Amino acid sequence: MSGDIEPQQVRAFAPGSVGNIGVGFDLLGHSIEGVRDIAQVRRIDEPTVRIRAIRGDVPGADSLPLQAERNTAGQALIALRAKLGIAHGFELELEKGIPLGSGLGGSAASCVAALVAANALLDTPLPREALYEFALDGESVSSGSRHGDNVAPMLLGGVVMATGTRMIPLQVPEWLHAVVVHPDQVLETRRARAVLADPYPLQVIVEQSAHLALFLTGLQRGDAQLLREGLRDLLVEPRRAPLIPGFARTQRAALDAGALGASISGAGPSTFAWFASKAQAEAAAPAMQAAFAEAGYDSRAYVTPVAGPRAEVIA
């Protein structure tokens, strides 16, 4: 592209997400409505990736690194350029709408939004599935590992099974809704992962595998009772719950309100609960917020279809 041509520019958003969904650590996730990040990407002549600005109303947005290789969005675009041998570069601006350290997939959303925008600028855009490996490259900057339970549902929408190489969209009944409550707390992903280092007894692994099987079967069949039996986390939740003041009472409030299950969203501190109808979810949200308030924390609640949106270019 010659220098006298005005650089092309695209904006895209990526939604928040619920990583793990309790029983699927680093394997399952679903996208949510109500919170998102936006990336604006310009095609530039210089063969590089640079981040021009990061802004947003969320606390800590101004502390995120502008060096591309240290930023999830920047690293994803670096990986994209390297793999495809792209001659031109990208200039990136991020608008953070997802709070940092919230367990709502903020680092992943910046990465996915940037990839979707940059992909739209390519002479031959890639299919969504081909963006996955670059999203994993970006996400690893933040979490220290390549796990796709946040980036995959953002790329495809809804509930997705994310392995090291594949994104597999799962069937979701339309009646399934979630409440996701974010308390005014911050829990860094690396700290939340550190408490999982000790090994687990084999019997616990077997029980968790049974829960995962019930959960996946419940999704496929649209069976609320199977989902209720399966949505119980024996691995991650017991170790992370003590890091989240107010979690236990918020979980109890959700279950008392008829939730099929409730657990920690991603690395926390956000808490999610699944319900068999939108009406149930809307009725439960205030009770879940009140439970965090009893622990001394204000919060925001999002009521969303479990089959949430996917990242898209903003017209």
Which of the numbered conditions does Glu139 fail, given that it passes all the others? Conditions: (1) touching a Ser or Thr at 6+ places or on another chain (Cβ under 9 Å); (2) acidic (Asp, Glu); (3) within 20 Å of Leu216 (Cβ to Cβ). (3)
Counted residues in region 202-228 being surrounded by fewer than 19 Cβ atoms within 10 Å (Cβ to Cβ) and more than 27 Å from Ser277 (Cβ to Cβ) come to 7
Of the conditions (1) over 18 Å from Ala14 (Cα atoms); (2) out of contact with any helix residue (DSSP H, G or I) (no Cβ under 7 Å at 6 or more places or on another chain); (3) touching a residue at least 60 places away in the same chain (Cβ under 8 Å); (4) not aliphatic (A, V, I, L, M), Arg70 fails just one. Which one is it? (2)
Of everything in region 277-314, what is in a loop (DSSP other than H, G, I, E, B), in contact with a His (Cβ under 8 Å, 6 or more places away or on another chain) and small (Gly, Ala, Ser)? Give them in sequence order. Ser277, Ala307, Gly308
Looking only at region 79-97, count every residue that is of a type outside the set (D, E, K, R) and in contact with a Pro (Cβ under 9 Å, 6 or more places away or on another chain) and tell me the total. 4
Which one of these is part of a helix (DSSP H, G or I), within 30 Å of Thr271 (Cβ to Cβ) and within 13 Å of the chain's Cα centre (by Cα): Ala109, Ala114, Ala76? Ala109
When Phe25 is run through (1) more than 21 Å from the chain's Cα centre (by Cα); (2) not in a strand (DSSP E or B), the failure sits at (1)
Out of region 253-281, which residues are surrounded by fewer than 23 Cβ atoms within 10 Å (Cβ to Cβ) and in contact (Cβ under 8 Å) with a residue 40 or more places away in the chain? Ala276, Ser277, Lys278, Gln280
Considering only region 183-226, state which residues are in a helix (DSSP H, G or I) and within 21 Å of the chain's Cα centre (by Cα). Thr189, Arg190, Arg191, Ala192, Arg193, Ala194, Leu212, Phe215, Leu216, Leu219
Are any residues in region 112-125 free of Cβ contacts under 8 Å to residues at least 12 places away in the same chain and either of a type in the set (Lys, Arg) or in contact with a helix residue (DSSP H, G or I) (Cβ under 9 Å, 6 or more places away or on another chain) (or both), and if so, which ones? Pro125
Within region 42-68, restricting to residues that are part of a strand (DSSP E or B) and under 21 Å from the mean Cα position of the chain (by Cα), the one that is nearest to Asp184 (Cα to Cα) is Gly56
Name the pairs: first residue in region 25-48 and farther than 20 Å from Gly106 by Cβ, second residue assigned to a strand (DSSP E or B) and not β-branched (Val, Ile, Thr), Cβ to Cβ under 6 Å, at least 6 apart or on different chains? Arg42/Gln9; Arg42/Glu91; Ile44/Gly89; Ile44/Glu91; Glu46/Gly89; Pro47/Gly89; Thr48/Gly89
Inside region 237-274, the number of residues satisfying the requirement of being at pLDDT 95 or above and either in a strand (DSSP E or B) or among the hydrophobic types (A, V, I, L, M, F, W, C) (or both) is 19
Within region 56-92, can you find the residues that are within 16 Å of Gly138 (Cβ to Cβ) and charged (D, E, K, R)? Glu69, Arg70, Arg81, Lys83
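The values are calculated or read from the model by the stated rules, or taken from the named source; none is laboratory data. Quantities reported herein were computed from a predicted structural model and do not represent experimental measurements. Neighbour counts run over all protein chains shown; Cβ positions are idealised from the backbone, glycine included.
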